[in-house]
Amino acid sequence: MNRKKVVLGLRYLIIIVSSCCMITPFLWMLSASFKDNLEVFRFPIEWIPKTFRWDNYTYIIEKTNFGVLFLNSVKLMIGITLGQVVTCSLAAYAFSKIEFPERDTLILMEAFNPFGVFLLVQFFRRIPNELSEAARIDGLNEFGIYSQIIMPLCKPALASLVIFAAVKSWNEFLQPLIYLNSKPKLTIQLGLRYLVSENGAQYGPIMAASVLAIIPMVIIYILLQSFFEEGISTSGLKG
Amino acid sequence: MNKAVAKTKRSHAIVRRNRCIGYLFLLPNLLGFFIFSFIPVVCAFILSFMEWDSSNPMKFVGLENFSKLLSDSTFKIALKNTAVYTLGTVPGIVILSMLLAILLNKGIRLASFWRAAHYIPYISSMVAVSIVWQFLFNTEMGPINQFLGMLGIENPPRWLSSTTWAMPSVILVAIWRNVGRYMIIYLGGLQGIPRELYEASTVDGASKLQQFRYITVPMLSSTTFLVTITNIIGSFQVFSSVYIMTGGGPGRATNVLVYLIYQEAFVNSRFGYASAMSVILFAFVFVFTLIQFRGKEKWVHE
């Protein structure tokens, strides 16, 4: 009995230490975003700043074009995510619910588009075909079965896909770096990178901008976490 | 006899109808595949036989770009660095994420909080995270070296500004960022292991360690396969962290393949040469994607 307690204690210890390693850089960033340039690197670290300097945030929001970039990123994210959800779910429906000879060859193409289609195929397969048969007899067409029967049953998988697609498009850096050149059209990630190269020594505002670039995804993740993990653990990603 | 003919006719009609509907459902996805994957890849292949700086007309040069690659020392270093990065990140991520998943699997309070703590690095912008780590790693002012100094370490590593430590630092950040993502996938894998296996082995007197060695690890093998391959493919394509944290330096210490391709194409405007490198990268990614797909097929077809 005692050994069990020791083992459990050890498990907690490792988990807590590991979680601290994960979170500490964010806490440092958050606290630095409220400090002025002299305070940012002061040691020992003042985790809770004596005075909260909100002017780092007002500087970023008022003096740079971060508002515009933020909006650009939001638009891009919504567009890409919607596109992913629609195209992947339609394709997954074809791969799991419609039988035709070339189907298994076509699925090869999806090898280049990880997660999306495969994740949904796993989910769709689990829905008994009797359900769609019954709907078909009731006169629902194929698209109706997809949109009114299958999709509502797959919320966890769709939540996972939304998180994957939203996070990926929001954080994407290389593609916008290559394709977007005009300043008013940049994404928040590009803006952050230019902020660093143009005002590299303004530590506080840079940290504030970094916080702003991270927060939306953290919020989406926290809102969808339970759905998302259900989606992952019941999908084909398991062993 | 007539009945049978009618039946095959009907089933032909069904096949035709299904095929038609099937393609209709696949259309948006296939269009996306052609526009965003297929056509760019074909363009890169064609460009790899050309010389092109985007302002002067294209010139066909045959295999010249590829033969130049063979004697390009920077390309060789970039290949080597990419391999080092892959070998550094993949085993670390696989082992750590599996162990963390096992530790977090059952009977832990606040489990969803701990999971979120590990997942947040992965959903955070690589640009933002790289900037933060750049600050943390700062040689003189950074909290890491200040802390090491407090412990009495006199010459702490110069991290991102040292040719020896830059790559390990980049690898460390990659492990830190990705462990949580794969931990979640392993947690899914763990839920697929039937409890009876553990119960039966407990009856047989197996220790926890033996259970880990003979039940958990083998039962997770397909997850491990997936995690390993996805990770390898991802590591080949590392870019943002290098671009932000080191700019490929110091010297060429962290110059990786995608970074070099980016430099050649969009800084030096040597699109043909950069495309030749992309073709090599594509070949690597393609091989591992095929391997992954073979594995995936197994679980897609149950």
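The values are calculated or read from the model by the stated rules, or taken from the named source; none is laboratory data. Computed from a prediction, not measured in an experiment: that's the story for all the values here. With ideal geometry, Cβ positions are generated from the backbone for all residues, glycine too; neighbour counts draw on all protein chains shown. The accessibility values were calculated without ligands, DNA or RNA, using every heavy atom of the protein model including side chains. Shrake-Rupley method; radii C 1.70, N 1.55, O 1.52, S 1.80 Å.
With 27 Å as the limit, write out which pairs from A:Lys168/B:Lys68; A:Lys97/B:Lys7; A:Lys50/A:Lys183; A:Lys185/B:Lys59 have Cα-Cα distances beyond it, or answer none. Spell out each step's value before the answer.
Values: A:Lys168/B:Lys68 35 Å; A:Lys97/B:Lys7 22 Å; A:Lys50/A:Lys183 36 Å; A:Lys185/B:Lys59 33 Å.
Checking Cα-Cα distances, A:Lys168/B:Lys68; A:Lys50/A:Lys183; A:Lys185/B:Lys59 exceed 27 Å.
How are the alpha carbon pair distances in chain B distributed across 10 Å bins from zero to the largest one, expressed in percent?
Histogramming chain B at 10 Å steps yields 5, 19, 24, 22, 16, 9, 3, 1, 0, 0 percent.
Excluding A:Pro44 itself, calculate the net charge of residues whose Cβ lies under 15 Å from the Cβ of A:Pro44, where each Lys or Arg counts +1 and each Asp or Glu counts -1. Write out the running numbers ahead of the final one.
Values: positive: A:Lys35, A:Arg42, A:Lys50; negative: A:Glu39, A:Glu46.
Neighbourhood net charge equals +1.
Over segment B:126-242, how many percent of alpha carbon pairs lie in each 5 Å bin up to the one with the longest distance?
In whole percents, the pair-distance histogram is 2, 9, 15, 15, 12, 10, 9, 11, 9, 6, 3, 0.
Give me the accessible area per residue for segment A:1-58, probe 1.4 Å, as a whole number in Å².
On the way: 3790 Å² over 58 residues.
That works out to 65 Å² per residue.
Tell me, what is the per residue accessible area of segment A:134-235 in Å², probe radius 1.4 Å? Mind dumping the intermediate values first?
Numbers: 4270 Å² over 102 residues.
Solvent-accessible surface per residue comes out at 42 Å².
Taking the Cα-to-Cβ direction at B:Gln237 and at B:Ile35 and moving 7 Å from each Cα, how far apart do the two end points lie in nm?
1.9 nm
Quick one: net charge of B:Gly272's neighbours, Cβ under 15 Å, K/R +1, D/E -1?
Numbers: positive: B:Lys59, B:Lys68, B:Arg270; negative: B:Glu51, B:Asp53, B:Glu64, B:Asp72, B:Glu264.
Result for the local shell: -2.
Pop out the carbon and sulfur fraction of the accessible area of segment A:43-165 as a percent, whole number, probe 1.4 Å. Intermediate values should be presented prior to the final figure.
Working: 4030 of 6100 Å².
Here carbon and sulfur together make up 66 percent of the probe-accessible area.
Is any helix in chain A, taking whole DSSP H runs, at least 20 angstrom long along its axis by alpha carbon and on average at least 0.5 on the Kyte-Doolittle scale, and which ones? Can you show the working numbers first?
Working: long enough: A:2-32 (44 Å, 1.14); A:66-97 (45 Å, 1.31); A:155-171 (23 Å, 0.89); A:203-234 (43 Å, 1.43).
The answer, listed by residue number, is A:2-32, A:66-97, A:155-171, A:203-234.
As an exercise, identify the trypsin sites (Lys or Arg not before Pro) in segment B:10-59 lying in DSSP coil whose Cβ has no more than 14 other Cβ atoms within 10 Å.
Numbers: sites: B:Arg10, B:Arg16, B:Arg17, B:Arg19, B:Lys59; in loops: none.
Counting only loop positions with at most 14 other Cβ atoms within 10 Å, none of the trypsin sites (Lys or Arg not before Pro) in segment B:10-59 qualifies.
Distance between Cα centroids, segment B:16-70 to segment B:100-176: provide it in whole Å.
Segment B:16-70 and segment B:100-176 have Cα centres separated by 38 Å.
Run through every distinct alpha carbon pair of segment B:186-250 and return the Kirkwood hydrodynamic radius in angstroms, one decimal place.
Result for segment B:186-250, one decimal place: 14.6 Å.
Using only alpha carbon positions, build the gyration tensor of segment B:22-141, then give the equivalent ellipsoid semi-axes as the square roots of 5 times its eigenvalues, largest first, whole angstrom.
Equivalent ellipsoid of segment B:22-141: 41, 27, 16 Å, largest first.
To the nearest whole number, what is the average tally of beta carbon atoms from other chains within 10 Å of the beta carbons of peptide A:90-100? All intermediate terms of the calculation are to be shown ahead of the outcome.
On the way: counts 6, 9, 3, 4, 9, 5, 1, 4, 10, 5, 11.
Going residue by residue through A:90-100 and averaging, the value is 6.
Taking 37 °C and 0.692 mPa s as the conditions, I'd like the Stokes-Einstein D for segment A:1-103 in µm²/s, using the Kirkwood hydrodynamic radius from alpha carbon pairs.
Working: Rh = 19.4 Å.
The diffusion coefficient I find is 169 µm²/s.
Taking amide hydrogens as modeled 1.01 Å from N in the peptide plane, which residues meet the under 5 Å criterion relative to B:Met50, leaving out close sequence neighbours?
B:Val61
Taking a 1.4 Å probe, which of A:Asp55, A:Asp138 shows the most accessible area, and what order do the others take after it? Numbers along the way, then the final one.
Numbers: A:Asp55 90, A:Asp138 135 Å².
Result, largest first: A:Asp138, A:Asp55.
Under a plain spin-label model, where a point goes 7 Å from the Cα along Cα-to-Cβ, how far apart in nm are A:Thr24 and A:Leu108?
It is 5.0 nm.
I'd like the per residue volume of the convex hull spanned by the Cα atoms of segment A:78-172, given in cubic angstrom. Intermediate values should be presented prior to the final figure.
Working: hull volume 8.8 nm³, N = 95.
Output value, Cα hull per residue: 93 Å³.
Report, largest value first, the span of the C-alpha coordinates of segment B:154-302 along each principal axis, in whole Å.
Between the extreme Cα coordinates on each principal axis of segment B:154-302 lie 66, 51, 18 Å.
Is there a simple number for the mean count of other chain Cβ atoms within 10 Å of the Cβ of residues in A:14-26, and what is it? Could the numbers behind the result be given before it?
Values: counts 4, 10, 2, 0, 11, 11, 1, 5, 12, 5, 2, 11, 7.
Across A:14-26, the average partner-chain Cβ count within 10 Å equals 6.
Roughly speaking, to the nearest percent, how much of segment B:73-148's 1.4 Å accessible area is carbon and sulfur? Walk me through the intermediate numbers first.
Working: 2060 of 2900 Å².
The value for segment B:73-148 is 71 percent carbon and sulfur by accessible area.
How large is the Kirkwood hydrodynamic radius of the protein assembly as shown, counting all unique pairs of alpha carbons, in Å? Please report the intermediate quantities before stating the final value.
Numbers: mean 1/r = 0.0387 Å⁻¹.
Mean inverse Cα-Cα distance, inverted, gives 25.8 Å.
When ranked by the protection proxy of mean other Cβ atoms within 10 Å per residue, highest first, what sequence do the peptides B:36-48, A:168-180 form? Provide the component values of the computation, followed by the final result.
Details: B:36-48: 14.8, A:168-180: 17.4.
Packing proxy ranking, top to bottom: A:168-180, B:36-48.
Among all the lysines, which ones have a C-alpha under 18 Å from A:Lys4's C-alpha, if same-chain residues fewer than 8 places away are not counted?
Partners found: B:Lys106, B:Lys208.
Please name the residues of segment B:126-152 whose accessible area, counted over protein heavy atoms with a 1.4 angstrom probe, falls by no less than 30 Å² between the chain alone and the full protein assembly.
B:Val127, B:Ala128, B:Ile131, B:Val132, B:Phe135, B:Leu136, B:Met141, B:Pro143, B:Gln146
Roughly how big is the A-B contact, given as buried accessible area in Å² (both sides, 1.4 Å probe, nearest 100)? Don't jump to the answer; show the numbers that get you there.
Values: alone 15150 and 18910 Å², together 26930 Å².
Adding both sides of the contact gives about 7100 Å².
What average count of beta carbons from other chains do you get within 10 Å of the Cβ of residues in A:162-173? Kindly include the intermediate steps, with their values, before the conclusion.
Values: counts 0, 2, 1, 0, 1, 5, 1, 0, 3, 9, 4, 9.
Mean partner shielding for this stretch: 3.
With each label point set 7 Å from Cα along the Cα-Cβ vector, what nm distance links B:Ser112 and A:Phe143?
So the two model labels end up 3.7 nm from each other.
Within the set of other residues whose C-beta is less than 14 Å from the C-beta of B:Asp72, count the net charge using Lys and Arg as +1 and Asp and Glu as -1. Spell out each step's value before the answer.
Details: positive: B:Lys68, B:Lys76, B:Lys80, B:Arg252, B:Arg270; negative: B:Glu64, B:Glu264.
Around B:Asp72, the charge tally is +3.
Ignoring solvent entirely, what values of log10 I(q)/I(0) come out of the Debye formula for chain A at 0.07, 0.17, 0.18 Å⁻¹ when each Cα is a single scatterer?
-0.37, -1.20, -1.27
So what is the accessible area of chain B per residue, in Å², with the probe set to 1.4 Å? Can you show the working numbers first?
Details: 15310 Å² over 302 residues.
So chain B comes to 51 Å² accessible per residue, rounded to a whole number.
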